[in-house]
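Down below is the structure, laid out as structure tokens.
The values are calculated or read from the model by the stated rules, or taken from the named source; none is laboratory data. Since the structure is predicted, the reported quantities are computational estimates derived from the model, not experimental observations. Reconstructed Cβ throughout: ideal geometry from the backbone, glycine too, with neighbour counts over all protein chains shown. SASA here: full protein model, heavy atoms, side chains in, ligands and nucleic acids out. Shrake-Rupley method; radii C 1.70, N 1.55, O 1.52, S 1.80 Å.
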Amino acid sequence: RMAAAPPSYSFVAFPPCSKDGLVVFGKNSARPRDEVQEVVYFAATAHDPGSKVECTYIEIEQVPKTHAIVLSRPSWLWGAEMGANEHGVCIANEAVVTREPASESEALLGMDLVRLGLERGATAKEALDVIVALLEEHGQGGNYYEDGSSCHTFQSAFLIVDRNEAWILETSGKYWAAEKITEGVKCICNQLSLTTKIDAEHPELRDYARSQGWWNGDSDFNFSEAFSLADDHLACCSGRESLEKQGGDVSAQAMIDVLRDKDSGVCVDSESFLTTASIVSVLPQDPSFPCVHYFTGTPDPSRSVFKPFIFVDDVKLVPKVQSPSFGNDDPAKKVPRFQEKPDRRHELYKAHEWARSLLENDQDKGQKLMRIMLDLEKQGLEAMEDILTRTEVLDPAEVVDLFYDCVDTELKFFK
């Protein structure tokens, strides 16, 4: 049996479950324990005709223009676990195991498709169309981990969200099905969840399932039943109940609380996996308000600070949450890959390691530090709440240093 997919959780809440006409998105990225995630911003860019883009393993055709994006990504790869673009599109990726063995040959990773969807799609539906077209053209495959000793491969599921709607996209090889969501709370995790409500699909999906003997053609077509291994397709979302209990009040804070919950299993801290980074995004349905994206940039959200980012021109870059770059000498870029593992820790990650040892070894000091951190986070949340409730239009100059300053302040507390 294939290795279990890492148990990441991704959520979206729409009115009436979320408050004040806000769409709230969140994800915990469960990955190998020692993997570093960085938070990186790329400005919108025009590309020359005929230019190519080098993804994690393969090169593909570039498009004339890519949107501005902010990503949380394992720092050895090109794509991302999760992120957002300047148009208020957010995408999270989940590794899943299906009846179709995932390909070891190098193609696009599910994480590459997250970034490509954000760079090329100005709405959730556009991003979905981009992802499935690239899947058809290039396929998915290759090692999901920075591991030279064995190849870990998975199929992909995506939660794609904008201010108006969300799409759950689940794939197996080049085949896919998708469901559109416009209300309530939805959660996806590391197994297929789509059943009979399918709003878009690969044109040959049902024929393929029949040809494989996974569906008889008579009963209602159920995607998870046809494509899941055995009884994998059970309701997976322990976090969903906590969000539904908020009764119409899901806010950034409520989403953060759910992501921090270790008892529910949403915040993963196990022998093999750790929540290595988290994101929460707040997308006002009224387009005159900005979207706010909170990133931790550090492992274990219960010990991390969610720091706000808003897209504006000339947003200040934050090298302290960026991993060192090894250019073409990077063992991830050389074949055979991953023959050694460079130290990819960024400044904030290192500061957190120190804080973690403090929490573990000196309870009083650790608790005090945690209270300071949470207070810092609360100030950020309140300032954003103010921006999302005021009547006058946001002055970009006010937030151009926002994420930079939050990271800087957090680092000062660790000094």
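Miscellaneous remarks
- Across the protein chains, with a 1.4 Å probe defining accessible surface, the residues Glu104, Glu244 rank Glu104, Glu244 from largest area downward.
- Excluding same-chain neighbours fewer than eight residues apart, the lysines reachable from Lys262 by a Cα-Cα span under 24 Å are Lys27, Lys186, Lys245, Lys307, Lys350, Lys365, Lys368, Lys378.
- In a simple Cβ point-charge model (Lys, Arg +1; Asp, Glu -1; nothing else charged), the chain has a dipole of about 680 debye relative to its Cα centre.
- Charge dipole of the stretch 114-157 (Cα centre as origin; +1 on each Lys and Arg Cβ, -1 on each Asp and Glu Cβ, all else neutral): 100 debye, rounded to the nearest 20.
- Equivalent ellipsoid semi-axes, the stretch 9-414, via Cα gyration tensor eigenvalues times 5, rooted, Å: 31, 25, 22
- Percent of beta bridges antiparallel (DSSP, the chain, rounded to nearest 5): 95
- Each Lys or Arg adds one and each Asp or Glu takes one away; over the other residues whose Cβ falls under 13 Å from the Cβ of Thr389, this sums to -4.
- The candidates Lys334, Lys262, Lys365, arranged from most to least accessible area with a 1.4 Å probe in the full protein assembly, appear as Lys365, Lys334, Lys262.
- Accessible area expressed per residue, the stretch 350-415, with surrounding protein chains retained (probe 1.4 Å, Å²): 62
- Heavy-atom accessible surface of the stretch 232-382: percent carbon and sulfur, 1.4 Å: 46
- Note on the stretch 1-112: with neighbouring protein chains present and a 1.4 Å probe, carbon and sulfur make up 52 percent of its accessible heavy-atom surface.
- Spatial offset of the stretch 38-96 relative to the stretch 208-229 amounts to 33 Å, using the alpha carbon center of each.
- For the pair the stretch 234-298 / the stretch 318-335, the C-alpha centres are spaced 29 Å from each other.
- Listed by chain and number, the aspartates and glutamates placed with their C-alpha closer than 19 angstrom to that of Lys320 are Asp34, Glu35, Glu38, Asp300, Asp343, Glu347, Glu353, Glu377, Asp401, Asp405, Asp408, Glu410; residues fewer than eight positions away on the same chain are left out.
- For Lys180, the lysines whose Cα falls under 18 Å of its own Cα, not counting residues fewer than eight places away in the same chain, are Lys125, Lys197.
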